[in-house]
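Student: This is the structure I want to talk about, given as structure tokens.
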Amino acid sequence: MEFPRILTNNIDKPDSHRIDVYIKAGGYKSLEKALKGMSRDEVREEVKKANIRGRGGAGFPAGVKWGFIPKDSDKPTYLCCNADEGEPGTFKDRLIMEKDPHLLLEGIALCCYAVDSHLAYIYIRGEFCQQASILEEAIEEARAKNFIGQKILGTDFDLDVIVFRGAGAYVCGEETALIESIEGKAGQPRLKPPFPAIIGLFQGPTVINNVETLSAIPWIIENGGDKYAAIGTEKSTGTKLFSVSGHVNNPGVYEIPMGYPFDKFLAEDLGGMKDGKQLKAVIPGGSSVPVMRVEEMENVNLDYESIADAGSMLGSGGMIIINEETCMVNALRILARFYAHESCGQCTPCREGTGWIAQILERIVGGDGKEGDLKDLGELADGMMGQTVCPLSDAAAMPVKSFLEKYRDEFEYFIKNKRSMVTG
Amino acid sequence: MPTLTIDGQEITVEPGTTVLKAAQQLGIDIPHLCYHPYLQIAGCCRLCLVDIEKMGKPQISCATIANDGMVVRTDSEDILRHRKNVFEFHVKNHPLDCPVCDQAGECVLQDYYMKLGLYQSRLQDAKLHKPKRVDIGCGVIRDSERCIQCSRCVRFCAEVTGTHEMVLFNRGDHTEIGTFPGQNLNNDYAQCLTDVCPVGALTSNDFRFQCRVWFLQSTPSVCPGCSTGCNIYIHHHQGVAYRIKPRVNEEVNGPWMCDKGRSVFKRITNENRVKQPLSKDRGLQEAGIREALSGAAAGLKKIQEQDGPGALVGVGSSQATNEENFLLRQLIKSFGEASHLTLDDRNCEDTLEDGILFRADPNPNTHGAKEILGAAEGWMPFEQFLSSVKEKKIKAALVLDYGLARLSEEEVKDLSNLEYLVVISSMKDTISEQADVVMPCAVFAEVDGTFTSFDGRVQPLRQAVPTSQGVKPGWEILCQLADVSKITDVRYSSARGVFDALCREVPFFAGKSWNSPEILVAGPEYIKMGGLKPWQTWSFR
């Protein structure tokens, strides 16, 4: 299937992160086109026509989000590029930041022009030291060529981009916690409403978009929103980066059009299961989405609607492929430990629930599971859903519920026999 | 003005009112932990969830603004289940400290367990352990295990005192409240943290293990620490006062009071209390009451006859009640029209010292005493009184409790110029040492009476604890003195009678009486006060 490499056009070139390589490949032309020939409204219109949905996991249409920014605010508008990439299983944004940072920077500049923002923050997770350096160098390269800074390309558009490093919190990938972190406070999500588009960073209107979302904007502006919408499916337009890890022959980051069949993806692009083992389970979009049994993934296409119909979510596209030799009880224990460690602690159901669930699973895997444990896990997960400040609580509860629902036999075996049904 | 329906009842509220407040106006108490009416909304306990039609998930009522046409249910099966779940999470790591925790009896977790839970714990794993019994300064003790991370203490230190000492450290269920390592609480309102903390995580060192709260009786009064006149409750049991808590008065102190005020109840048991009348004739040792009173009466009468009433001065006190100052005026004036009255009102500015509650004037009744004494015939400004004493123009004085407490050493020495000095005093001090007769009087917690705050607000005190044998309220001593001096028109049987007379005679108090709503202490509720327990009367827990 032929489709344009919107996001991965440059990554295989040597020194792809250098600005001269980027310009040679046609880079920064979209920015020039927008600044010199399009109004802000027109840029927003193209993005709306493209119907590109947020690639961080929530899938909210970016053009609609940009439209929420009030035109008459007395405070400056900000853009925060969410480069926190904390969702377990997700490593797609780092590819762009390492190999094609200028693609991201051009996207940032286009977005800032569209929403009349003159200061953009790239909130990058603290663990990405090398990537932060690469971005800072790229910003300096762009500044030297007047793609960032004062009077960009001779127009009267000013823009500065700041790389802001996080300090190791998954919760700071949540947009309001991200804002709190940039403001120098503990990364604890805010109550919504008010939404960041109205009251965000430093109380000003703020757009927050994922790296991948912003990186698609240059192509959209150059080729037109309807061309982007023509790729993929009607409701899931364009291409998506999938970062695939697990028991496959070719793990890595892949750009595929939305609606690509999963079976084909696994067999051809991913090279099939490693060592010929059987596929057991798939987590399609990062650990926070429900796990899928192998039979549930039959005839599923990789887009928002299709995966949702099958019972899970596209999420961030952090796909984890699990083979028959994996103990699902242990897998859940490892995930639960992550959420317990990452809960910010602000609201009670998440703070105590994640800790409690992790404790129970440790105990089960340690061979000391008790009869009421599975009922407790289910009820605790139910008690955590739908009533917290941010969705981390839901993200922690959904794997618990889906693992218990689909692999209950393994859990029951473990408790009864004090060892794994699969690995012994 | 939006109109909404809560549990089938309609109510119209001011724009901007939250659903929680609207429900409270209907008498529906939605359970909540982190919400406090005088602090910013945190929305983190998740206990106040309600179902609102057309809003998919349950919403927290403390943060949701009431809109016109909203239909709210606080008691649906779903919500009751949510509440139980959220509450279970709150107690998951909470230690079963009730037998040794001061908060027992006024603890929200206990109350809500009875209302929402009443279930067996299903926890099979260990509870987390965190620091306990940590002294964090200003008489506050922290127990991080009991903390439910409601963040009220953090918000209090950020919004009310602006000192930002309390922080939430760490993440997830290892979150702990505390002060920055090496630093302690350092503000004058730290004890308010023990009020806002809904559980026993922040407790008062003074009250630690002193008395179980269900034994405590609660008596409303006014703090005598400064001229703001914060409303308080004195909590006592079997005649002993154990602590002071602020009483909510939106117009005076809100729900707060300063730490200086909290410890004034220690005056009651101060070892310097005068317990019996003292007479110089006996070398300032204890004398019988009749002996002391007749001695005092005789002494004052002698000066009146010898040098005329102009040589006689009544020294009022801005620490004494309106009633006491008024009776002093009556008594002194009945010794003769030329007699004088004075009051030490030096350094009594009404400026807010700390920008919150505490005022520069450390006396609760300067305004009232001034109105009563200043309007009388023979009012003598205090500087004139001091020079008159020096020049021996004044020969005798009758002084109320704390009336001369702020004299300098020099000025105290000058008092020896007086031929006769009668002091009504609660404490032995440099003034009482000079006196010819010392009559032991009650402190604020042992009297009925009224104070007038800096802005002219007349507020009532009620007697909380009995005086020890031989000690009487100041107004009663003055009546006894009048009786012994054969003065017939200073005769009252209760503070109430004195106040009503005072209202008739002093223009400032015209129109008031003991039955006025502001004097009767929140109106008819006071009548029921005797049966209420502390947690029902003082808390915005």
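Student: Can you name the residue in the stretch B:74-94 that is more than 10 Å from chain A (Cβ to nearest Cβ) and among the polar types (S, T, N, Q) and is also surrounded by the fewest Cβ atoms within 10 Å (Cβ to Cβ) among such residues?
Tutor: Of everything passing the filter in the stretch B:74-94, B:SER76 is surrounded by the fewest Cβ atoms within 10 Å (Cβ to Cβ).
Student: Another one. Out of the residues in the stretch A:365-414 meeting the condition of being of a type in the set (S, T, N, Q) and closer than 15 Å to A:THR354 by Cβ, tell me which one is nearest to the chain's Cα centre (by Cα).
Tutor: A:SER393
Student: Return a yes/no flag: does the stretch A:165-175 have any residue that is over 23 Å from the mean Cα position of the chain (by Cα) and of a type in the set (D, E, K, R).
Tutor: no
Student: Starting from the stretch B:159-172, take each residue that is of a type in the set (Lys, Arg) and list its partners that are buried (at least 20 other Cβ atoms within 10 Å of the Cβ), counting only C-beta distances under 7 angstrom and pairs at least six apart or across chains.
Tutor: Note: pairs meeting the criteria are B:ARG171/A:SER343; B:ARG171/A:CYS344; B:ARG171/A:GLY345.
Student: Right, A:TYR254: assigned to a strand (DSSP E or B) and of a type in the set (Phe, Trp, Tyr) or not?
Tutor: yes
Student: Hey, does the stretch B:104-115 have a residue that's open to solvent by 30 Å² or more (accessible area, probe 1.4 Å) and within 11 Å of chain A (Cβ to nearest Cβ)?
Tutor: Checked the stretch B:104-115: no residue is open to solvent by 30 Å² or more (accessible area, probe 1.4 Å) and within 11 Å of chain A (Cβ to nearest Cβ).
For every residue, the table says whether it meets (1) over 24 Å from A:PHE3 (Cα atoms); (2) modelled with pLDDT of 95 or more.
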position: A:PRO194; (1), (2): yes, no
position: A:GLY204; (1), (2): yes, yes
position: A:LEU214; (1), (2): no, yes
position: A:TRP219; (1), (2): no, yes
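Student: Let me ask something else. In the stretch A:320-359, which residue that is part of a loop (DSSP other than H, G, I, E, B), over 29 Å from B:ARG83 (Cβ atoms) and open to solvent by 20 Å² or more (accessible area, probe 1.4 Å) is farthest from the other protein chains (Cβ to nearest Cβ)?
Tutor: Once the filter is applied, the top-ranked residue is A:GLU324.
Student: Next question, about the same structure. Restrict the check to the stretch A:142-160 and report whether at least one residue is open to solvent by less than 40 Å² (accessible area, probe 1.4 Å) and farther than 17 Å from A:CYS112 by Cα. If you could, list the steps in order and put the result at the bottom.
Tutor: Let us first name the residues in the stretch A:142-160 that are open to solvent by less than 40 Å² (accessible area, probe 1.4 Å), namely A:142, A:147-149, A:152-153, A:155, A:157, A:159.
Then keep just the ones that are farther than 17 Å from A:CYS112 by Cα; that gives none.
No, the stretch A:142-160 has no match at all.
Student: Shifting gears a bit: Kindly provide the set of residues from the stretch B:35-73 that are open to solvent by 10 Å² or more (accessible area, probe 1.4 Å), more than 10 Å from chain A (Cβ to nearest Cβ) and assigned to a loop (DSSP other than H, G, I, E, B), ordered by number.
Tutor: The answer is B:TYR35, B:PRO37, B:TYR38, B:LEU39, B:GLN40, B:GLU53, B:LYS54, B:MET55, B:ASN67, B:ASP68, B:GLY69, B:MET70.
Student: Looking at the stretch B:123-158, which of its residues are surrounded by fewer than 20 Cβ atoms within 10 Å (Cβ to Cβ), touching a residue at least 24 places away in the same chain (Cβ under 8 Å) and within 11 Å of chain A (Cβ to nearest Cβ)?
Tutor: B:LEU123, B:LYS127, B:LEU128
Student: Please determine whether any residue of the stretch A:246-257 is out of contact with any helix residue (DSSP H, G or I) (no Cβ under 8 Å at 6 or more places or on another chain) and aliphatic (A, V, I, L, M).
Tutor: No: the stretch A:246-257 contains no residue that is out of contact with any helix residue (DSSP H, G or I) (no Cβ under 8 Å at 6 or more places or on another chain) and aliphatic (A, V, I, L, M).
Student: OK, next. Of everything in the stretch B:1-25 that's more than 20 Å from B:GLU250 (Cα to Cα) and part of a loop (DSSP other than H, G, I, E, B), which residue is modelled with the lowest pLDDT?
Tutor: If we take residues in the stretch B:1-25 being more than 20 Å from B:GLU250 (Cα to Cα) and part of a loop (DSSP other than H, G, I, E, B), then B:MET1 is modelled with the lowest pLDDT.
Student: I'm trying to understand the selection: among the residues of the stretch B:479-497, which are hydroxyl-bearing (Ser, Thr, Tyr), surrounded by fewer than 16 Cβ atoms within 10 Å (Cβ to Cβ) and at pLDDT 90 or above?
Tutor: The answer is B:SER493, B:SER494.
The values are calculated or read from the model by the stated rules, or taken from the named source; none is laboratory data. Just so we're clear, the structure is a prediction, and the values are computed from it rather than from any experiment. All Cβ positions, even for glycine, are placed from backbone atoms using ideal geometry, and neighbour counts span all protein chains on display. To get the accessible areas, we keep the full protein, side chains included, count just its heavy atoms, and leave off ligands, DNA and RNA. Shrake-Rupley method; radii C 1.70, N 1.55, O 1.52, S 1.80 Å.
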